[in-house]
Amino acid sequence: MTAPAFGQASPPSSEANDANNPLTPKITVNFQDQWAPQLYNSNDTTNAFLFRGLIPSAAFGTPQLFRYTLPVTTAPTPTGNTTSIGDLNLIDLFPFKVGHTEVAIGPQLTAPTAGKDETGTGKWQAGLAVIVIAPQKWGLLGTLITWQQSFAGSRRRLDQNNLAFQPLILYNLPRGWYLRSTATWNADLQRGNYAIPVGLGLGKVKLLKSGTTVNVFLEPQWTVSRSGAGQPQFQVFAGVNLQFPMKR
């Protein structure tokens, strides 16, 4: 078996932007991991391996981007920790443009698929998602905002009302390298808890001759403001993102 050949060692800025743009209409498969080795007011650690992807479609003649995320979560227990599948999140985005800015809005649904109580909420949740991306010659500026609230599920589990805000700042460097800051700010509106982390990481984009884009990254993240026990003090977000060309 031979190693795959790379079509370009240094992708142009436009192709590097496409690799990092969550609204690029290509079949995407992401393998990402969010590790929190330090929590406030706790000796515990958490980890979430995220199997995430994007499927473009034109159902009913309308362009759509179907985004899914299935986590495998390691969470603390009274006697240590446990690992199991988490809750499945589905988002159906409807993209459009406002000038040169790309926007997508759509509903989201989270199903209580967790294998254990500690790795999920036990609740069905529904809400909205908004993505705004402003491509630049030097990189990308944007944000991903999601909100969801529980509407059904186990009565013994806590109700959910959660808001997430993810700033996206990506700066392209030579030879396919780029700097990134994409830490997600989370707010538990039901209980008034929140965490605001700031990240600074490094990534690399490579293009295969087949047209597949390989994007690897590592981003340390530090929490600069928070409320509530058990919030992450320090996290590491890393991943491998694959984009596959659409067949014509």
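Just so it is clear, none of the values below were taken in a lab; they were calculated from the coordinates. Small disclaimer: the values here were computed from a predicted structure and weren't measured. Quick reminder, even Gly has a Cβ in these numbers, built from the backbone with ideal geometry, and neighbours come from all protein chains shown.
Where the centre of each part is set by its Cα atoms, how far does the range 52-100 sit from the range 189-212, in angstrom?
Cα centroid of the range 52-100 versus Cα centroid of the range 189-212: 14 Å apart.
Taking other Cβ within 10 Å of each residue's Cβ, how do 157, 175, 52 sort, fewest first?
175, 157, 52
Which of 82, 24, 184 ends up with the largest GNM mean-square fluctuation for the chain, with Cα atoms connected below 10 Å?
82
So how strong a dipole does the chain carry about its Cα centre when Lys and Arg Cβ are +1 and Asp and Glu Cβ are -1, to the nearest 20 debye?
Roughly 460 debye, rounded to the nearest 20.
Modelled label-to-label distance, residue 141 and residue 236, 7 Å Cα→beta-carbon offset: nm?
The modelled label-to-label distance comes out at 3.2 nm.
Give the long-range amide H neighbours of residue 198: residues separated by 5 or more places, or on another chain, with amide H under 5 Å away, using H modelled in the peptide plane at 1.01 Å from N.
Distant-sequence amide H within range of residue 198: 222, 223, 224.
Please state the shape class of the range 11-118: rounded when a/c is under 1.5, otherwise prolate if a/b exceeds b/c and oblate if not, all from the C-alpha gyration tensor.
Prolate is the answer for the range 11-118, as a/c is 1.5 or above and a/b outweighs b/c.
Per 0.36 nm of contour for each residue apart, how much would the distance between residue 68 and residue 177 grow if the chain were fully extended, relative to their Cα-Cα spacing?
36.6 nm
If the limit is 23 Å between Cα atoms, which of 26/204; 97/123; 26/123; 204/247; 209/247 go over it?
From 26/204; 97/123; 26/123; 204/247; 209/247, over 23 Å: 97/123; 26/123; 204/247.
Give me 117, 18 sorted ascending by neighbouring Cβ count inside 10 Å, so fewest comes first.
In order of increasing Cβ crowding within 10 Å: 117, 18.
If the viscosity is 1.002 mPa s and the temperature 20 °C, what translational diffusion coefficient in µm²/s does Stokes-Einstein give for the range 141-248 when Rh comes from Kirkwood over Cα pairs?
132 µm²/s
Using 1/(1 + (r/R0)^6) with R0 = 30 angstrom and r between the beta carbons of residue 246 and residue 41, what's the FRET efficiency to the nearest 0.05?
For residue 246 and residue 41, the calculated efficiency is 0.05.
Per q in 0.12 1/Å, what log10 I(q)/I(0) does a Debye calculation on the alpha-carbon atoms of the range 88-216 return?
The Cα Debye sum returns log10 ratios of -0.62.
P(r) tail for the chain, what percent of Cα pairs lie past 29 Å?
31 percent
Stretched out fully, how many nm does the piece from residue 193 to residue 94 gain, at 0.36 nm a residue minus the Cα gap?
32.6 nm
For the range 66-112, state the average projected area of the convex hull of the C-alpha atoms over all orientations, rounded to one decimal in nm².
In nm², the orientation-averaged hull projection of the range 66-112 is 4.6.
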